[in-house]
Amino acid sequence: MPHYGDYQNQIYFAGLSGVLPSLPVDTATLEARAAAAMAPSLLSYVQGGCGDETTQGANASAFAHWGMVPRMMVDATSRDLSIELFGHTLSSPLFMAPIGVTGMCTQDGHGDIAAAQASAMTGVPLCASTLANDPLEAVKAACGETPAFFQLYTPRDEDLAASLVARAEAAGYAAIVVTLDTWVTGWRPRDLNTASFPQLRGHVLTNYFSDPVFRSRLAKPPEEDGPAAVRHWAATFGKVLTWSDLPWLRSLTKLPIVLKGICHPDDARRAVDAGIDAVYCSNHGGRQANGGIAAIDLLADVVAASGSTPVLFDSGVRSGTDAIKALAMGARAVGVGRPYSYGLALGGAAGAAHVLKCLLAEADLLMAVNGYPTLADVRAAGTRRLT
């Protein structure tokens, strides 16, 4: 069992030789450094949320009103952070949440590959976005032995949807994560003020442009008429999914299907009743709808409604402590988004791996100090609402 907390020993002992970390170990400083390194329009897309960003801010700040109670006289010299998910044993409960502009976050424009390499380096699974600068097959290959998930923005063209899912299954992805809340984009002032939407400029559309079904719909291939290909993408993006579409989604693949965007317990129960393999509690990090409740405040009810069906979680996770709190509230696995994108911007694959190692180290050390040797102990301890 890896002791992720040993990463701090590496840093301290390197410091004895005058070697300081090349990247910050806290998200606030990391974000500030990345802000100086990223192009303004890209930074706005990554940092920005919907409306006045109240919900986005609440996602992160809400973790502070949940607390955990330590247990003493417990031998926590060995910690086990491993989980079982979709038939795989994962060394930790952390995963990289899908981000549509990951590919643009590195200087070479291959951030999707860099994120996959970070996954291979750390054992933290990547949930690869449909929106990417590299084909989903190449991204999966770069993950090495670490399982990966494929996030699907379901297009209106059902044959294209079937093709994307079939490609993901053939490439070896472990699950299909269907995003429910992005058939249309929310009101994002940061992007609107600069009239900048990366996809309409031809970015992160490689999975479409490389797809045989998508290409068959074009008069000329994307290499010859990029603007026409972008227009076709815009016309086909975003199928409105309803519960009646679940049998069709199931017919596309033998892989586990995860529904991303579930925040209401009634929706969780309905998903479970329909045989969905996992529920993904998320409000898209506050990017899609403003005025909502922080996702962490909704998690416990979603978990209770899901029964034995695994619940994945993201939105607002900025630290290993945040991740442990979400696990204590019943999440099976916890996704981190913006922090690893900042790591990509500052250091490519190694930068993202550093961020993941820091999050895992903090989570591991919290378990050690609080007397939680296993994630079962974390869940038994639970959380308390602070006044």
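Table for the structure above
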read-out: Backbone N within the range 345-387 under 19 Å of label point (7 Å from residue 75 Cα along the Cβ vector); value: 367-378
read-out: HN-Hα J in Hz across the range 24-32 - Karplus 6.51, -1.76, 1.60, θ = phi - 60°, x for Gly and Pro; value: x, 9, 10, 5, 4, 5, 4, 5, 5
read-out: Listed residues 244, 282, 91 arranged by accessible area, highest first, probe 1.4 Å; value: 244, 91, 282
read-out: Largest to smallest accessible area among 270, 379 [probe 1.4 Å]; value: 270, 379
read-out: Per principal axis, descending, Cα span of the range 77-122 in whole Å; value: 40, 25, 13
read-out: For the range 231-387: rounded, prolate or oblate by the Cα gyration tensor [a/c cutoff 1.5]; value: oblate
read-out: Kirkwood Rh and Cα Rg combined as Rg/Rh, the range 5-385; value: 0.96
read-out: Efficiency of FRET from Cβ geometry, residue 384 and residue 225, R₀ 56 Å, rounded to 0.05; value: 0.40
read-out: Solvent accessible area, Å² - residue 243, 1.4 Å probe, full protein context; value: 70
read-out: Volume in Å³ per residue [convex hull over Cα atoms, computed for the range 171-234]; value: 118
read-out: Loop-exposed GluC sites (Glu not before Pro) per DSSP, neighbour cap 12 Cβ within 10 angstrom, longest uninterrupted part of the chain; value: 225-387
read-out: Accessible area of residue 232 in the full protein assembly, 1.4 Å probe (Å², nearest 10); value: 50
read-out: Carbon/sulfur fraction of accessible area - the range 5-385, other protein chains in place, 1.4 Å, %; value: 55
read-out: Structure-based [θ]222 nm, the chain - -39500 (n - 2.57) summed over DSSP H runs of at least 4, per residue, nearest 500; value: -13000 deg cm²/dmol
read-out: Estimated vicinal HN-Hα couplings, Hz - the range 185-194 in sequence order (Karplus 6.51, -1.76, 1.60; Gly, Pro = x); value: 7, x, 6, 10, x, 4, 6, 5, 5, 10
read-out: Kirkwood hydrodynamic radius (C-alpha pairs) into Stokes-Einstein, the range 175-290, 37 °C and 0.692 mPa s, D in µm²/s; value: 201
read-out: For residue 132, distant residues with modelled amide H under 5 Å away; value: 205, 206, 207
read-out: For the range 267-320 and the range 336-378, distance of Cα centres in Å; value: 21
read-out: Where labels lie 7 Å past Cα in the beta-carbon direction, separation of residue 293 and residue 184 in nm; value: 2.5
read-out: Tally of Lys pairs whose C-alpha atoms are under 24 Å apart, taken over the chain, 8 or more apart or cross-chain; value: 7
read-out: Distant-in-sequence amide H partners of residue 66 (H built 1.01 Å from N, under 5 Å); value: 386
read-out: Long-range HN-HN contacts of residue 149 with modeled amide H, under 5 Å; value: 126, 127, 128, 174
read-out: Hz values of 3J(HN,Hα) by residue in the range 48-54 - Karplus curve (6.51, -1.76, 1.60), Gly and Pro given as x; value: x, x, 8, x, 8, 6, 4
read-out: Inter-centroid distance (Cα atoms) of the range 11-76 relative to the range 118-151, Å; value: 22
read-out: Per residue value of the accessible surface for the chain (all protein chains in place, 1.4 Å probe), Å²; value: 41
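The values are calculated or read from the model by the stated rules, or taken from the named source; none is laboratory data. For clarity, every value in this text was computed on a predicted model and none was experimentally measured. With ideal geometry, Cβ positions are generated from the backbone for all residues, glycine too; neighbour counts draw on all protein chains shown. All accessible areas refer to the heavy atoms of the entire protein, side chains included, with ligands and DNA or RNA removed. Shrake-Rupley method; radii C 1.70, N 1.55, O 1.52, S 1.80 Å.
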